[in-house]
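These notes are about the structure you will find just below.
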Amino acid sequence: MSNFNSTPKEKNINISREQIGVFKLLMKYKKMTLKEIADKQRVFKTAISKRVKKLEEKGFVKQTISSDKREKVIMLTEEGHQFYERRQIMLYEGMMEKLDINEEDMDELYIHADKINNILKKEEKNDG
């Protein structure tokens with residue numbers, strides 16, 4: 001079975017699924033500490049430190065001192081934002097190609113997937 005999460009163009013850039021998880025969190029929350037990222041991904045802070053270091057080496061994230069100066073805050077750089085947006089477009093186009101559907105059908109598929117996702121989130125909240 002083919003993987004919808006990779007595209008031929010993207011394979012030149014070595015980004016792990018875990019690093020993409022960091023991207024998604026930073027896109028949503030803008031600025032986060034290592035501890036906050038670790039808590040959201042349910043891993044140890046040392047694992048997040050390694051992920052962030054690799055992303056920082058690629059120029060995708062930067063660390064700044066937080067307002068209380070006790071911990072560093074991680075945020076995406078402009079290059080990080082651009083990379084993530086390009087990646088999302090490549091995934092979208094790659095999925096359209098793999099499914100052999102047009103853009104209108106793809107948009108409809110995403111709308112339905114989003115509805116399913118929202119239903120599942122509601123059920124999680126009710127169960128928790």
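The values are calculated or read from the model by the stated rules, or taken from the named source; none is laboratory data. Note that this is a predicted model, so its numbers are computed, not measured. Here the Cβ is made from the backbone with ideal geometry for all residues, glycine too, and neighbour counts use every protein chain on show. Accessible surface areas use protein heavy atoms only, side chains included; no ligands, DNA or RNA. Shrake-Rupley method; radii C 1.70, N 1.55, O 1.52, S 1.80 Å.
In table form, for the structure just shown:
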item: Among (1) more than 20 Å from Leu26 (Cβ to Cβ); (2) open to solvent by less than 80 Å² (accessible area, probe 1.4 Å); (3) touching a residue at least 12 places away in the same chain (Cβ under 8 Å), the one test that Gly80 misses; result: (1)
item: Flag for Ser66 being touching a residue at least 12 places away in the same chain (Cβ under 8 Å) and over 20 Å from Ile15 (Cα atoms); result: yes
item: So Ile89, is it within 23 Å of Ile15 (Cβ to Cβ), assigned to a helix (DSSP H, G or I), open to solvent by less than 70 Å² (accessible area, probe 1.4 Å) and aliphatic (A, V, I, L, M); result: no
item: Residues satisfying the stated conditions in the stretch 51-78, i.e. of a type in the set (Lys, Arg) and assigned to a loop (DSSP other than H, G, I, E, B); result: Lys58, Lys69, Arg70
item: Verdict on Lys98 being open to solvent by 70 Å² or more (accessible area, probe 1.4 Å), more than 21 Å from Lys35 (Cα to Cα), in contact (Cβ under 8 Å) with a residue 12 or more places away in the chain and over 16 Å from the mean Cα position of the chain (by Cα); result: yes
